[in-house]
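*Asks:* Dumping the structure here so I can ask a few things about it.
The values are calculated or read from the model by the stated rules, or taken from the named source; none is laboratory data. As the structure is a computational prediction, the values presented were derived from the model and not from experiment. Heads up, the Cβs are rebuilt from the backbone with ideal geometry, glycines too, and the neighbour counts pull from every protein chain shown. Each accessible area value is taken on the protein alone, full model and side chains, heavy atoms only, with ligands, DNA and RNA left out. Shrake-Rupley method; radii C 1.70, N 1.55, O 1.52, S 1.80 Å.
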There are 2 protein chains.
Amino acid sequence: MLSTALSAAPQSQPPVRVMPLPASIETGSGQLLIDRSFSIAVAGYHDPALDRAIARFLTLLSRQTGIPFWSASGGASASLLVHAEHRRANPQKVGEDESYSLAITPSRAELSAPNTPGILHGLETFLQLVEPSPSGFIVPALTIHDQPRFPWRGLLIDVSRHFIPPDAIKRNLDAMAAAKMNVLHWHLSDDQGFRVESRRFPRLHGMGSEGQFYTQAEIREVVAYARDRGIRVVPEFDVPGHSRSWFLGYPKLASGPGPYSLDGNAAPAMDPTRESTYRFLDKFVGEMSALFPDSYFHVGGDEVDGKQWDANPKIQAFMRAHHIEGNRALQAHFNRRLHKILVKHHKTMIGWDEILHPDLPTSVVVQSWRGQQSLATAARQGYSGLLSHGYYLDLMWPAARHYVVDPMSDAAADLTPEEKSRILGGESCMWAEWVTPEIIDARIWPRNAAIAERLWSPQSTTDLDSMYSRLDAFSLRLEWAGLTHTSARTLMLRRMAGTEEVAALAVLADALEPVKDYTRWKANPHADFHAPLNRMVDAVYAESPSARRFRDAVQAYLAGGHSDAALEAQIRARLIAWHDNDASLHPLLDDRSLLQELAPISANLSALSAAGLQALDYLSRGEPSPEPWRTQQLPLVARAKAPAADMLLMVAAPIEQLIQATVPPASPPSLR
Amino acid sequence: MLSTALSAAPQSQPPVRVMPLPASIETGSGQLLIDRSFSIAVAGYHDPALDRAIARFLTLLSRQTGIPFWSASGGASASLLVHAEHRRANPQKVGEDESYSLAITPSRAELSAPNTPGILHGLETFLQLVEPSPSGFIVPALTIHDQPRFPWRGLLIDVSRHFIPPDAIKRNLDAMAAAKMNVLHWHLSDDQGFRVESRRFPRLHGMGSEGQFYTQAEIREVVAYARDRGIRVVPEFDVPGHSRSWFLGYPKLASGPGPYSLDGNAAPAMDPTRESTYRFLDKFVGEMSALFPDSYFHVGGDEVDGKQWDANPKIQAFMRAHHIEGNRALQAHFNRRLHKILVKHHKTMIGWDEILHPDLPTSVVVQSWRGQQSLATAARQGYSGLLSHGYYLDLMWPAARHYVVDPMSDAAADLTPEEKSRILGGESCMWAEWVTPEIIDARIWPRNAAIAERLWSPQSTTDLDSMYSRLDAFSLRLEWAGLTHTSARTLMLRRMAGTEEVAALAVLADALEPVKDYTRWKANPHADFHAPLNRMVDAVYAESPSARRFRDAVQAYLAGGHSDAALEAQIRARLIAWHDNDASLHPLLDDRSLLQELAPISANLSALSAAGLQALDYLSRGEPSPEPWRTQQLPLVARAKAPAADMLLMVAAPIEQLIQATVPPASPPSLR
């Protein structure tokens, strides 16, 4: 089964497996060998951050090759010469020059950039170019000139629904750097938790986090860690909605009477009519502004539930007295006041779609979770914007579905060049209802690299096969950077099974993905963020590479008129493996509470694979299948395609296609 | 192939998979469920170290179950009540009471101990009792009374030949704690590197480590980390031999003229005739005594090469003047002086066999790398001793071979009870010629747990099947504690292959082990400790569980007269997988420099498996094989059994047994 993947891999490799794809590549001839003699030297601008970047580069190069490089700084004859012209701004600015050039010949490599962030990106590109070859580890001779399409390429990590400790944030910063993303949007407070130590208001984290928060020292460490990797950190404190956790310690901020708890579904909002709310926010923003040096400050502003405002007579009286018509206007009033506070503390305001209101100056940045339409509307009105609609990683979409979402497409395609220039980029979003520190890497990566590529590479970079080939290579490299997106699954399978021998369980897991969109959420509307996330749905990949490859093989086989014997053999081997897997797995499934829900799924996979094998027999013999046989498979296919245990059997659809393809050409399709 | 392991696992489980096996277990009826309501409370003696131990326990319990336990401290009705009577000594003493009792009923568990180290051990036992079951995670009802057989249960880690950074040392301390080992013997200096920052003599680490050393802050951190886990840290500074690294910075300590370098095979020794040597050692021991609080101080003393002493006229003159007869007496002179220095700094001297000399007081402890004989000799002369002979992890022995080595066996078996009481225990040794931080976990674990059990459990604990069953369970749990002994192999295979799809490569790796004893060393006598350790020999397990299970299956099948159809099916499935594996692997092997040496091995495995399948056919038909067929297999078997690429094909011998078994009963054996 795995043989096919192995033997296919070298053939399907594009010449350069770099992700995001560089803006321009000229291939050269030959290759530079990476052996024990490899060395690196720095010319031009030089600072301790660059030294640290080079030390990290050498560590990663050692991990990728197994060759120790701990004393690899060379002089004038170094294998890789690095040359930066300028130091970069502190704090890092939106739109600073991130370009670099990398020229590799069989005798040496040169990396140059106007600015150190370009050097960081170029070092990542170099690492991605290293491949094993018959003669050792090499990088191909080539010349790359590269720069990003958008200046703002972010990842939002929600740490409120489930706390994500600093070490997990750091390894994700490493992965972001590998994908050339440059903004960590840190969603630090929400209804379910307030995650930053506040010295001015210690009951915020003291009562709003169940002890799970970042100390200010930890925040500073993460911000410095990010800056070292060319990544800005934009904090988000979501107000006036999504703020229940604030009210446990400071109930007077709220519009309703309380009491408040972190659990449950209530969505109270801040009271925008009391001066004390703004005095609080002024002091709070002042404290946080010192902690987060970036010039942007995210105030959330999404999904304000007006019920508490409607129910509060004082708020209603205030609205009448100030001629405020409706809750949208009341939120605009709140945002105007908040904007003044941010300006006082030298911060640029950024918020979700809902903050868009003519009252706010065009210096405000709007982040669209609703779609390209609201992004385009904002741009027309003079506001800068970011796209997040289409980039929600928690929806468990395949990378390809995110990849085709372009900030400049749909409604934004009709904008004038000036309006288009207001679209700064986008951010993928990792909302944390269903993630823990153990799971989060696999929920973000490798799919997030496809979004990173959309935001970095030229708009014309759209080939899906090329993207997936490079995504596979990116995934492989990520574990060297300390990510756990594949290793954590192994440990989770072992936990469920109680043994290290989980190959058969992995065969099943590879055929599965979590249900998509908000299906799991809808099935579990009463959020309980203390519940264990230790089921198979939490372990399986959001997008299974094995299932994708099987689907591609089936489609290629069918498209080729069932004549490709090698493809047929691949498909057959996999169907046999799935069919046989159930018998070996079954005793274990019954014997482990966490595996019991998998028994019917494994049985369905086995039965469906048997049907797929029969279909393959008909196809390879060029014989149509008998109508009664096909009718018999209908309930089987329906059963296999239905969600079970919050998962989908992703290989059901391709097997269904095999069965459908056995219909005689003349007769009408009986299965659809 | 993996199905067999999975389905076999539950049947072969002993009732309790705890390692080391407790001194006494009474099984109860029923089980305690570990679910979200689990809580823990402490009664009796209580200190911050115990709080930290409980926090670690909860973290590990969370990892093992996937259930979040970050706020699981309960009160009087806690699921697990912990009760320690006393605080422990600081620094920890040899022979302090480490016993504990653990009583588990379906409603609650109680862990009590006279002393906090017992609590630490009991918490580890509890974690190992947690198993998945049809009704969820459980611990079985039982009562355990447990205490160690020997007070000194150590692991030596050599950090000189290859530097092992603090994080790798720490995770190995976690594994030691899980195995109830209580001494880290830290081999901190040797010819190839001096690894501790010395402020008195900064050229020791400054010129003797190539920048790879522990700062004093790191040393303190590791010592505190170990103490938290009930582990003493005994430093070793090997003198007067194995000390080349000292001489780069301080050549006057040496007996020869130098110059010295860290590379090469020269084995110079300190000059034992100069007063300045002892003034240096006095200051040095003084500095290190403050850094390492344990009362024992290891001075090495092994393998002193007398050539420099012989060649130095001043040393020869000194020996004549002081009537010192031979180099052994000269080393004794050195040790006498060194012993006085240690006494001055309140340290007990410990050294290898060679220090044993009537001149030294019996307070000195002798560590035997040569065998039970020298241990027994020392005990008879009144010296305390430790066994390391038979416990060298770098020899790549199977766990069973270490397991049968008992400190009280062979020459030691004849000692009087009083003499026996001088045998304090033993230490496994991880000499670091062929390890890096990436490899070391797999070179120590899980095999080291078998040695830990030998030193902890009653002498009568000798069942190998039981040991291996518990070793498998121990291995599984170790990765939760952060060990990388299985995950690192996956990453190394991916590195060699340049793809995440390494299942076929893993099938080959599972059939292989590194060559044993000093074979690799002898084949590579010119040590180069800067060379990459990134070949298959560095990735394969020292003892392959898959190869062991195959061998056991073959032996059980043959012992059962070829009648067990299930065993036959297991063996057949594995032989088919090995036979088929070569075809899928071959294109990759040729295409990657690090894999090329595997091509003939993979071909041998395939051909031999085909022969094994034929043998199985003869056996299952009850038919003897024809003589010409067997003769044909001879060169094939010989080829497969020969070391290749520094590895052994471990499954060759069992397949040879299958072939041998096809000999007709009457005829003489043709293969042996």
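*Asks:* Conditions: (1) within 14 Å of another protein chain (Cβ to nearest Cβ); (2) open to solvent by less than 20 Å² (accessible area, probe 1.4 Å). B:Ala226 meets all but one. Number of the miss?
*Replies:* Going through the list (1) within 14 Å of another protein chain (Cβ to nearest Cβ); (2) open to solvent by less than 20 Å² (accessible area, probe 1.4 Å), B:Ala226 breaks only (1).
*Asks:* Related question: Can you confirm whether segment B:10-18 contains a residue that is modelled with pLDDT of 90 or more and either exposed (fewer than 14 other Cβ atoms within 10 Å of the Cβ) or not in a loop (DSSP other than H, G, I, E, B) (or both)?
*Replies:* There is no residue in segment B:10-18 that is modelled with pLDDT of 90 or more and either exposed (fewer than 14 other Cβ atoms within 10 Å of the Cβ) or not in a loop (DSSP other than H, G, I, E, B) (or both).
*Asks:* Are any of the residues in segment A:22-34 open to solvent by 40 Å² or more (accessible area, probe 1.4 Å), within 14 Å of chain B (Cβ to nearest Cβ) and modelled with pLDDT under 95?
*Replies:* no
*Asks:* Looking only at segment A:362-394, count how many residues are surrounded by 20 or more Cβ atoms within 10 Å (Cβ to Cβ) and either hydrophobic (A, V, I, L, M, F, W, C) or on the phi > 0 side of the Ramachandran plot (or both).
*Replies:* Qualifying residue count for the region: 12.
*Asks:* Tally up the residues in segment B:411-430 that are part of a helix (DSSP H, G or I), out of contact with any strand residue (DSSP E or B) (no Cβ under 9 Å at 6 or more places or on another chain) and either more than 24 Å from B:Val234 (Cβ to Cβ) or not charged (D, E, K, R) (or both), please.
*Replies:* Here the count works out to 5.
*Asks:* Determine which single condition A:Glu479 fails, assuming it passes every other condition in (1) assigned to a helix (DSSP H, G or I); (2) within 18 Å of the chain's Cα centre (by Cα); (3) at the interface with chain B (Cβ under 10 Å from one of its Cβ atoms); (4) touching a residue at least 24 places away in the same chain (Cβ under 8 Å).
*Replies:* (4)
*Asks:* Something else: If the Cβ limit is 6 Å and pairs must be 6+ apart or interchain, which residue in segment B:368-384 that is touching a residue at least 12 places away in the same chain (Cβ under 8 Å) pairs with which residue that is surrounded by fewer than 16 Cβ atoms within 10 Å (Cβ to Cβ) and among the β-branched types (Val, Ile, Thr)?
*Replies:* B:Gly382/B:Thr362; B:Tyr383/B:Thr362
*Asks:* From the list B:His86, B:His145, pick out the single residue that is surrounded by fewer than 19 Cβ atoms within 10 Å (Cβ to Cβ) and touching a Leu at 6+ places or on another chain (Cβ under 9 Å).
*Replies:* None of the others qualify; the one that does is B:His145.
*Asks:* Right, next: Looking at segment B:131-167 only, could you name the residues that are within 14 Å of chain A (Cβ to nearest Cβ) and outside any loop (DSSP other than H, G, I, E, B)?
*Replies:* Within segment B:131-167, B:Glu131, B:Pro132, B:Ser133, B:Gly136, B:Phe137, B:Ile138, B:Val139, B:Pro140, B:Asp167 qualify.
*Asks:* Do we find a residue being more than 25 Å from B:Tyr403 (Cβ to Cβ), surrounded by fewer than 24 Cβ atoms within 10 Å (Cβ to Cβ), in contact with a helix residue (DSSP H, G or I) (Cβ under 7 Å, 6 or more places away or on another chain) and not aromatic (Phe, Trp, Tyr) anywhere in segment B:170-177?
*Replies:* Within segment B:170-177, one or more residues are more than 25 Å from B:Tyr403 (Cβ to Cβ), surrounded by fewer than 24 Cβ atoms within 10 Å (Cβ to Cβ), in contact with a helix residue (DSSP H, G or I) (Cβ under 7 Å, 6 or more places away or on another chain) and not aromatic (Phe, Trp, Tyr).
*Asks:* May I ask you to say which residue of A:Pro525, A:Pro545 is touching a residue at least 24 places away in the same chain (Cβ under 8 Å), within 9 Å of chain B (Cβ to nearest Cβ) and surrounded by fewer than 24 Cβ atoms within 10 Å (Cβ to Cβ)?
*Replies:* So the residue among A:Pro525, A:Pro545 that is touching a residue at least 24 places away in the same chain (Cβ under 8 Å), within 9 Å of chain B (Cβ to nearest Cβ) and surrounded by fewer than 24 Cβ atoms within 10 Å (Cβ to Cβ) is A:Pro545.
*Asks:* May I pose another question? Quick one: how many residues across segment B:485-504 are part of a helix (DSSP H, G or I), farther than 20 Å from A:Phe474 by Cβ and more than 8 Å from chain A (Cβ to nearest Cβ)?
*Replies:* 2
*Asks:* Also, I was wondering about something else. Which numbered condition trips up A:Gly258, out of (1) on the phi > 0 side of the Ramachandran plot; (2) open to solvent by less than 10 Å² (accessible area, probe 1.4 Å)?
*Replies:* (2)
*Asks:* Moving on. From the set of residues in segment B:118-130 that are part of a helix (DSSP H, G or I) and among the β-branched types (Val, Ile, Thr), which is nearest to the other protein chains (Cβ to nearest Cβ)?
*Replies:* Ranking the qualifying residues of segment B:118-130, first place goes to B:Thr125.
*Asks:* Something else now. Only one of these is open to solvent by 30 Å² or more (accessible area, probe 1.4 Å), more than 14 Å from chain A (Cβ to nearest Cβ), on the phi > 0 side of the Ramachandran plot and part of a loop (DSSP other than H, G, I, E, B): B:Gly95, B:Gly75. Name it.
*Replies:* B:Gly95
*Asks:* Let me ask something else. For A:Pro407, work out the one condition from (1) over 23 Å from A:Val94 (Cβ atoms); (2) open to solvent by less than 20 Å² (accessible area, probe 1.4 Å) it doesn't fulfil.
*Replies:* (1)
*Asks:* Restricting to segment A:394-419, name every residue that is of a type outside the set (Ser, Thr, Tyr) and in contact (Cβ under 8 Å) with a residue 60 or more places away in the chain.
*Replies:* Hits for segment A:394-419 are A:Leu395, A:Met396, A:Trp397, A:Pro398, A:Ala399, A:Ala400, A:Pro407.
*Asks:* Right, another one. If you go through segment A:339-361 one residue at a time, do you hit one that is under 16 Å from A:Ala254 (Cα atoms), without any contact (Cβ under 8 Å) to a residue 60 or more places away in the chain and outside any loop (DSSP other than H, G, I, E, B)?
*Replies:* No, that holds for no residue.
*Asks:* Here's a follow-up. Going through B:Ile25, B:Ile67 one at a time, which residue ends up being part of a strand (DSSP E or B), of a type in the set (A, V, I, L, M) and either outside the structural domain of B:Trp456 (by TED's automatic domain parsing) or under 31 Å from the mean Cα position of the chain (by Cα) (or both)?
*Replies:* Matching residue, one of B:Ile25, B:Ile67: B:Ile25.
*Asks:* A:Glu433 passes all but one of (1) in a helix (DSSP H, G or I); (2) among the charged types (D, E, K, R); (3) open to solvent by 10 Å² or more (accessible area, probe 1.4 Å); which number fails?
*Replies:* (1)
*Asks:* Same structure again: Just name the residue that is farthest from the other protein chains (Cβ to nearest Cβ) out of those in segment A:505-515 that are of a type outside the set (Asp, Glu) and either open to solvent by 30 Å² or more (accessible area, probe 1.4 Å) or in a helix (DSSP H, G or I) (or both).
*Replies:* That would be A:Ala509.
*Asks:* Quickly run through segment B:443-473 and pick out the residues that are part of a helix (DSSP H, G or I) and not hydrophobic (A, V, I, L, M, F, W, C).
*Replies:* B:Arg443, B:Asn448, B:Glu453, B:Arg454, B:Asp465, B:Ser466, B:Tyr468, B:Ser469, B:Arg470, B:Asp472 - these are the residues of segment B:443-473 that are part of a helix (DSSP H, G or I) and not hydrophobic (A, V, I, L, M, F, W, C).
*Asks:* Report yes if some residue within segment B:651-660 is on the phi > 0 side of the Ramachandran plot and of a type outside the set (S, T, N, Q); otherwise report no.
*Replies:* Within segment B:651-660, not a single residue is on the phi > 0 side of the Ramachandran plot and of a type outside the set (S, T, N, Q).
*Asks:* May I pose another question? Scan segment A:581-618 for residues that are more than 14 Å from chain B (Cβ to nearest Cβ), without any contact (Cβ under 8 Å) to a residue 60 or more places away in the chain and not small (Gly, Ala, Ser) and jot them down.
*Replies:* A:Pro600, A:Asn604, A:Leu608, A:Leu613, A:Gln614, A:Leu616, A:Asp617, A:Tyr618
*Asks:* Would segment A:566-580 turn up any residue that is facing chain B (nearest Cβ under 10 Å) and without any contact (Cβ under 8 Å) to a residue 60 or more places away in the chain?
*Replies:* Within segment A:566-580, one or more residues are facing chain B (nearest Cβ under 10 Å) and without any contact (Cβ under 8 Å) to a residue 60 or more places away in the chain.
*Asks:* Taking B:Ser37 as meeting all but one of (1) within 30 Å of the chain's Cα centre (by Cα); (2) polar (S, T, N, Q); (3) part of a loop (DSSP other than H, G, I, E, B), write down the number of the exception.
*Replies:* B:Ser37 satisfies all of (1) within 30 Å of the chain's Cα centre (by Cα); (2) polar (S, T, N, Q); (3) part of a loop (DSSP other than H, G, I, E, B) except (1).
*Asks:* So which of B:Pro358, B:Pro313, B:Pro293 ends up being open to solvent by 10 Å² or more (accessible area, probe 1.4 Å) and modelled with pLDDT under 95?
*Replies:* B:Pro358
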